[in-house]
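Trainee: Take a look at the following structure, please.
The values are calculated or read from the model by the stated rules, or taken from the named source; none is laboratory data. Note that the coordinates shown come from a computational prediction; the quantities given were computed from them, not determined experimentally. For neighbour counting, all protein chains shown are included, and Cβ atoms are generated from backbone atoms with ideal geometry for every residue, glycine included.
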């Protein structure tokens, strides 16, 4: 296993529109598309972090519908940033619906944000995000633990 600098609690939020298109964010740090995601800050719950991250990145207010899964496998959850820092994320992934707000790229962390049809996702997706999306669309009651 390669050297890992740190371990962090992360959140990811799958948001579908009325047509079941999925909301993706083009991240400024790596230039790749992904599900809105981020870190849990000290003193907040994973649900609070998910709601905050979506508001910061998309200007949308959300309701969490359900837990999709918890992801910790180093084979998919170790991420190397452009500055060389290697982080192992323990990510809690939620399915959410839009409650309010107008979609806009609301953060210096995002280059773009838009909905994509599920059969027309961009090719340049972050490596762990297709698994999260597949699990979200599996329509299972129980959460995945991967």
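Trainee: Mind listing whichever residues of region 1-25 are touching a strand residue (DSSP E or B) at 6+ places or on another chain (Cβ under 9 Å) and part of a loop (DSSP other than H, G, I, E, B)?
Mentor: If the condition is that a residue be touching a strand residue (DSSP E or B) at 6+ places or on another chain (Cβ under 9 Å) and part of a loop (DSSP other than H, G, I, E, B), then 1, 2, 3, 4, 5, 17, 19, 21 are the ones that fit.
Trainee: Still on this structure, I have one more. Take region 95-105 and flag every residue that is in contact with a strand residue (DSSP E or B) (Cβ under 8 Å, 6 or more places away or on another chain) and outside any strand (DSSP E or B).
Mentor: Scanning region 95-105 gives 101, 103, 104, 105.
Trainee: For region 55-74, which positions are part of a loop (DSSP other than H, G, I, E, B), at pLDDT below 95 and either under 12 Å from the mean Cα position of the chain (by Cα) or within 23 Å of residue 142 (Cβ to Cβ) (or both)?
Mentor: 73
Trainee: Among the residues of region 26-54, which ones are surrounded by 13 or more Cβ atoms within 10 Å (Cβ to Cβ), without any contact (Cβ under 8 Å) to a residue 24 or more places away in the chain and not in a helix (DSSP H, G or I)?
Mentor: 44
Trainee: In the set 87, 68, which member is surrounded by fewer than 18 Cβ atoms within 10 Å (Cβ to Cβ) and touching a residue at least 12 places away in the same chain (Cβ under 8 Å)?
Mentor: None of the other options fit; the residue is 87.
Trainee: Within region 113-134, restricting attention to residues that are out of contact with any helix residue (DSSP H, G or I) (no Cβ under 9 Å at 6 or more places or on another chain), touching a residue at least 12 places away in the same chain (Cβ under 8 Å) and surrounded by 12 or more Cβ atoms within 10 Å (Cβ to Cβ), which residue is farthest from residue 13 (Cα to Cα)?
Mentor: Ranking the qualifying residues of region 113-134, first place goes to 122.
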